[in-house]
Amino acid sequence: MFDGVRIKRRLSEMTQAWFWEDMFDAVSDYIRSRSVWVVVGNAATFLSALAGLTYYWSRPFSFAGYAVVQLACLACQAVALIPVLWPGGATHRHPRDFSDLHQSLTVATICGSWVFGAYPGAALLVFFDVDANSPPWAAVFFSATALTIACVASLITATAVSDKVSKHHGEASGLPSVSGRVDDGDSSVADTGGFDSD
């Protein structure tokens with residue numbers, strides 16, 4: 001009974017103009033935010049690898065073609081790194097938030113591509129007894145490799161620069177850096193322990 005009431009209330013809300021105005025505002029705010037670059041970059045990386053897979057599925061593999069796919073994946077990951085490297089001075093989010101979002105989505109892109117793409121594709125090729133020297137095998141292997149190399153390079157870059165960017169952002173905005181917040185937490189724990197012992 002309560003489920004029916006909730007469904008009717010939800011349907012009645014969807015007929016109101018304010019519901020769609022709020023929905024449009026939320027979507028437009030997200031699209032204008034810097035976080036969308038992380039999503040777009042990782043999605044484009046996957047699509048670039050998928051395009052390479054499709055193109056070389058029935059064509060002989062060439063290292064020049066692999067280089068094109070690899071460069072495309074790296075360029076897309078560079079787009080995903082934009083909020084991490086340049087979080088923007090006016091943003092209300094800490095650069096560490098962009099770094100965490102980038103890490104989560106990039107790891108999900110790698111794992112999802114291998115778990116739901118490369119491994120099942122290879123299993124199907126084995127099941128249908130496709131020749132190991134045929135183009136489909138090369139297409140699957142090198143497309144997955146290009147995506148993985150680009151994502152790993154992006155993760156390494158984000159890890160190497162995120163602390164520096166966070167520190168610079170904290171100095172510019174007057175906010176404490178990540179290391180400063182950690183040090184303050186450690187000192188407070190030590191002071192509390194000393195007080196209890198007394």
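The values are calculated or read from the model by the stated rules, or taken from the named source; none is laboratory data. Treat the numbers as computed from the prediction; the structure is a model and nothing was measured. Here the Cβ is made from the backbone with ideal geometry for all residues, glycine too, and neighbour counts use every protein chain on show. Surface areas here come from the heavy atoms of the whole protein model, side chains and all, with no ligands, DNA or RNA. Shrake-Rupley method; radii C 1.70, N 1.55, O 1.52, S 1.80 Å.
Okay, here's what the table says:
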| item | result |
| --- | --- |
| With DNA, RNA and ligands ignored, accessible area of Trp114 (1.4 Å probe; Å², nearest 10) | 70 |
| Spin-label pair Ser58/Val130, simplified geometry with 7 Å Cα→Cβ offset, distance in nm | 1.3 |
| For the stretch 144-153, 3J(HN,Hα) per residue [Karplus equation, 6.51 cos²θ - 1.76 cosθ + 1.60, θ = phi - 60°, Hz, x = Gly/Pro] | 5, 5, 4, 5, 5, 4, 5, 5, 5, 4 |
